[in-house]
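Right, one structure below, let's go through it.
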Amino acid sequence: MAVLVTIVLAGGTIVTKFLTSAIDYYCNVDEIGLRAGCEAGRRIRVQGTVEKNSLTAVNNSTNFVLIFNEKTIRVVYEGDPGGIFQECIPVVAQGRLVGDVFEATRIEVKHSNAYVADNADRLTKAEAQECSPQAG
Amino acid sequence: MTSASSTTTQTFTAKVATPTTRLVGAMAIVSMAWVVLGGLFVTPSDVNQGDAVRIMYVHVPTAWVAYLAFIVTAIASACWLLSRKHAMGFDRVAGASAEVGVIFMAMTLLSGGLWGRITWGTYWAWDPRLTTTAFLLVTYIGYLAVRGLGGSLEQRARRSAVIALLAVLEIPLVHFSVLMWRSLHQRASVLSGDGDIKMDGSMLTTLLVGVIGFTCTFAWLVMHRSRVLAMQDAVQSSQLDAALQDRASESAGLK
């Protein structure tokens, strides 16, 4: 019986965590302040592509611009985002909009469902690595 | 009672290894060896993910085979419920398949966590795919716990069959969660439905061999586990018979 109670509690915890994380995992950059749940003042997750030539690292801070549907937002993150974070890759930044800067406390890289060999021909490789601001 | 159960056990022991299990086992070994060699040495690294993409050759097949295992559990459960004789073999296949499915699903989450740490930058996120997968795992751990609650073999089969038929409905929710909701997890590459497989040729070949290998491993484990469960059921039944006999003897003595 104790095992069953533990399992029910585990299932309840998972459902609760899921619902508090919101069913839609993120807002796109162009939805901030426009879509319900994407209000500018609250803690949100924002999805977009790291714009080309926007990535800089100052001291311990990582700065970049997120772009989606031609809308952009400046993002500041303290530390190294990790994963395969780089320019031209879609990411989900979790944090809060302060003024016109999104102060991220967590960055998650969102890789695509395409798997291209590192030794593929140059055109295929370039297509796989190109910036895709509509990702997501 | 002791002699009865040992006789039963000896009878079943002789049937554990069969030509079919040996063939399936051999197919599993060969295909898994292919996956290890192909996954580590033959296939290229990914242009964005680098060598982390090699985790896919375990992650995706274990996920698919876990789905398969839970579907087999549901089908075997339906067969038990619908069959006139309620053959316990169906129930044992259902139980064995769920056990193996839980192991494979746990492997999926573990390999996915490692893959996520390297690519996403985190082991875990409460996104729709990961959350529904974790919920599916917990559901089937619950199914196995219910199977162990006790009672007669028929009681066990009936209550677990009902749960299995309900639990299997979670699988479409898990699979389509990345389409139904916005998710950190990428969408399907092979089973995308649009016929466009977004994967390098040798990667796809190794992945499909991995699916065959893990499927054979699943089949081999279920066949053996079902036979072990048959032995356990035989022992349980013989113990029950002996207990009933003892009780009858006691009652006769009292008269």
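Values in this text are rule-based calculations from the coordinates and carry no lab data. The model shown is predicted, which means the values in this text are computed figures rather than measured ones. A quick note on method: Cβ atoms are made from the backbone with ideal geometry, for glycine too, and the neighbour counts reach across all protein chains shown.
What FRET efficiency would be calculated for the residue pair A:Glu127, B:Val36, taking the C-beta separation as r and a Förster radius of 41 Å, to the nearest 0.05?
The computed FRET efficiency comes out at 0.85.
What distance in nm separates the simple spin-label points at B:Tyr123 and A:Val3, each placed 7 Å from Cα in the Cβ direction?
The answer from the label model is 2.5 nm.
Ranked by Cβ crowding within 10 angstrom, fewest neighbours first, how are B:Ser237, B:Ser249, B:Ser31 ordered?
Ranking B:Ser237, B:Ser249, B:Ser31 by Cβ neighbours within 10 Å, fewest first, gives B:Ser249, B:Ser237, B:Ser31.
Take peptide B:120-131, look around each residue's Cβ out to 10 angstrom, count Cβ atoms belonging to other protein chains, and average those counts.
Values: counts 12, 11, 7, 0, 0, 7, 9, 10, 6, 1, 3, 8.
So the per-residue partner count for this stretch is 6.
Treating chain B as a set of equal point scatterers at the Cα positions, no solvent, please give the Debye-formula log₁₀ I(q)/I(0) at q = 0.10, 0.13 Å⁻¹.
Computed log10 I(q)/I(0) values: -0.60, -0.91.
Helix by helix through chain B, keep the DSSP H runs that span 20 Å or more along the axis on Cα and average at least 1.6 on Kyte-Doolittle, and give those back in order.
Working: long enough: B:19-37 (27 Å, 1.50); B:56-82 (39 Å, 1.62); B:88-119 (46 Å, 0.91); B:128-147 (28 Å, 0.90); B:153-167 (21 Å, 0.40); B:201-254 (78 Å, 0.51).
Correct list, ordered by number: B:56-82.
Using a basic spin-label model with each label point 7 Å from the Cα along Cα→Cβ, how many nm lie between B:Arg247 and B:Leu82?
So the two model labels end up 3.5 nm from each other.
Provide, in order from the shortest bin, the percent of all Cα-Cα pairs of segment A:25-129 in each 5 Å bin, continuing until the bin that contains the maximum pair distance.
All Cα pairs, binned at 5 Å, distribute as 2, 13, 23, 24, 16, 11, 7, 3, 1, 0 percent.
Each label point is 7 Å from the Cα along the Cα-to-Cβ direction; what then is the distance between the points at A:Ser61 and A:Asp118, in nm?
Simple spin-label model gives 3.4 nm for this pair.
Over the alpha-carbon set of segment B:103-255, divide Rg by the Kirkwood Rh and report the Rg/Rh ratio to two decimals.
For segment B:103-255, the value is 1.16.
So if I restrict to the alpha-carbon atoms in segment B:187-243, what is the Rg, and what is Dmax, the biggest pairwise distance, in Å?
Computed over the Cα atoms of segment B:187-243, radius of gyration and Dmax are 20.8, 63 Å.
Looking at segment B:154-255, which GluC sites (Glu not before Pro) are in a loop (DSSP not H, G, I, E or B) and have at most 15 other Cβ atoms within 10 Å?
Nothing satisfies the criteria.
Could you give the C-alpha radius of gyration of the protein assembly as shown expressed as a fraction of 2.2 N^0.38 Å, taking N as the number of residues it contains?
1.22
For segment A:25-129, what relative contact order do you get, as a whole percent, if you take Cα pairs closer than 8 Å and at least 6 residues apart?
The value is 23 percent.
Check the protein assembly as shown and count each lysine pair with an alpha-carbon distance under 17 angstrom, considering only pairs eight or more places apart or from different chains.
Step by step, the pairs that qualify in the protein assembly as shown add up to 5.
Just counting partner chain Cβ atoms within 10 Å, what average do the residues of peptide B:197-209 show around their Cβ?
2
Per DSSP helix of 4 or more residues, -39500 (n - 2.57); summed, then divided by the residues of chain B. What does that give at 222 nm, rounded to the nearest 500?
-26000 deg cm²/dmol
Do me a favour and compute the ellipsoid semi-axes for segment A:76-122 from its Cα gyration tensor, root of five times each eigenvalue, largest one first, whole Å.
Each semi-axis is the square root of five times an eigenvalue, giving 28, 10, 9 Å.
Hey, any idea what Rg/Rh is for segment B:74-138, computing Rh the Kirkwood way over Cα pairs?
1.21
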